Every structure is written in structure tokens, then in C-alpha cells.
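One structure below.
The values are calculated or read from the model by the stated rules, or taken from the named source; none is laboratory data. The model shown is predicted, which means the values in this text are computed figures rather than measured ones. Glycine gets a Cβ as well: all are built from the backbone with ideal geometry, and neighbour counts include every protein chain shown.
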Amino acid sequence: MDKEYITELISSKLRLIRAESGYTQEKMANVLGMSKKTLVQIEKGRSAAGWAHVVAVCALFRNSEVLQAVLGDEPLEVVETVAHRSIDRPKGKTLGGKVWWRDIEKKGEFRLQQNLISHHYRILDSYDDLWFSTFEKQDAVARLDELFNEQDGVE
């Protein structure tokens, strides 16, 4: 996944996200900081939203079932991972990956998961806190080893 793909994907689902929220075009345009005319053009497939608007949609409508269905579980995590190429810091509580994730590997208190929709990888601890996220499996496995070794006191 990259910015262009996510931009096209979210643009194509904007009408559904708006309808799911029960918003008129006027209200949705206001919420996203764009003109109604621009929103109509996006909804009709004549143009695409910009990256800033896509990020805003993912932030403001992060609980949308439509967004979760196309990006899998945590829309903001996917967008942040794409924007930064990876996330590498304790990030906070997740839901633990019971629906949109499959476990790949476990080491100590850490587990590596892959998202079934976006296919990105993440590392959670035993409290379901996010520690790392990337689209590169090799980077995720290497970071899992590092975290496990740090936890075990191995340098």
C-alpha cells in the first residue's frame, strides 16, 4: 500500500462513509474543510481527494465500518505507517487483533501480527500495546528479535 492507492481507495468510498455517518454532502464537506462542489466531484469519481483529506477522513471517521472493511481495524495506523514508512515506538492500546489480524510469531511478551486487509505488520506486547508497524516483514521480524532481546536483557 502507498499514498496513491489509499487516496484512490478512500476517495472511492467517501460517499459510503458519508452515508454511514448520516451526513449530507454539505455537512461532510464542512467537516472535511472542502467545498460541496469538490466533494461531489470526488463522490462521482471525477477527481480524488488529496492526501490531507484522506488523513482527515481516517482520523475523523476511524470507527467507520466502511473504513475498517477496506483498511482493516485501525485506519489511522495504516495511514500513519504509510506516511512514515513504519512506526517504531510504544504507541498505545489496540484491540489485540482478534478480527482483522493473524498472529505470525511470538517471542516472550511480544507478538508479530499481519493485517488481513492491508497486509501490514505490527508488534504488540502482552497488554495489546502497539510497539512497531511496517509494511516490510523483514523489518518487523528484525524489530521483534530486538524487542525480545531487550526484554531478555540480551544486547
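Any idea which of MET28, MET34 is out of contact with any strand residue (DSSP E or B) (no Cβ under 6 Å at 6 or more places or on another chain), more than 30 Å from GLU136 (Cβ to Cβ) and surrounded by 20 or more Cβ atoms within 10 Å (Cβ to Cβ)?
Matching residue, one of MET28, MET34: MET28.
Inside segment 1-93, counting only helices (runs of 4 or more DSSP H) that do not spill past its ends, which hold 1 or more residues that are at pLDDT 90 or above and among the aromatic types (Phe, Trp, Tyr)?
In segment 1-93, 3-21, 51-60 are the helices (runs of 4 or more DSSP H) which contain 1 or more residues that are at pLDDT 90 or above and among the aromatic types (Phe, Trp, Tyr).
Would you pick out the residues in segment 115-155 that are buried (at least 21 other Cβ atoms within 10 Å of the Cβ) and either among the charged types (D, E, K, R) or free of Cβ contacts under 8 Å to residues at least 24 places away in the same chain (or both)?
Matches in segment 115-155: TYR121, ARG122, ARG143.
Tally time: how many residues in segment 1-20 are among the small types (Gly, Ala, Ser) and crowded, with 16+ Cβ neighbours inside 10 Å?
Looking only at that region, the number is 1.
Could you please let me know if LEU112 is farther than 30 Å from PHE148 by Cα and either within 20 Å of the chain's Cα centre (by Cα) or crowded, with 16+ Cβ neighbours inside 10 Å (or both)?
It is false that LEU112 is farther than 30 Å from PHE148 by Cα and either within 20 Å of the chain's Cα centre (by Cα) or crowded, with 16+ Cβ neighbours inside 10 Å (or both).
Cβ-Cβ under 8 Å, sequence separation 6+ or interchain: first residue in segment 60-77 and over 10 Å from ILE10 (Cβ atoms), partner small (Gly, Ala, Ser) and surrounded by fewer than 19 Cβ atoms within 10 Å (Cβ to Cβ). Which pairs?
Between residues of segment 60-77 that are over 10 Å from ILE10 (Cβ atoms) and residues that are small (Gly, Ala, Ser) and surrounded by fewer than 19 Cβ atoms within 10 Å (Cβ to Cβ), the close pairs are SER64/SER21; LEU76/ALA59.
Does ASN63 satisfy the condition of being within 22 Å of THR134 (Cα to Cα), surrounded by fewer than 20 Cβ atoms within 10 Å (Cβ to Cβ) and among the polar types (S, T, N, Q)?
Criteria met by ASN63.
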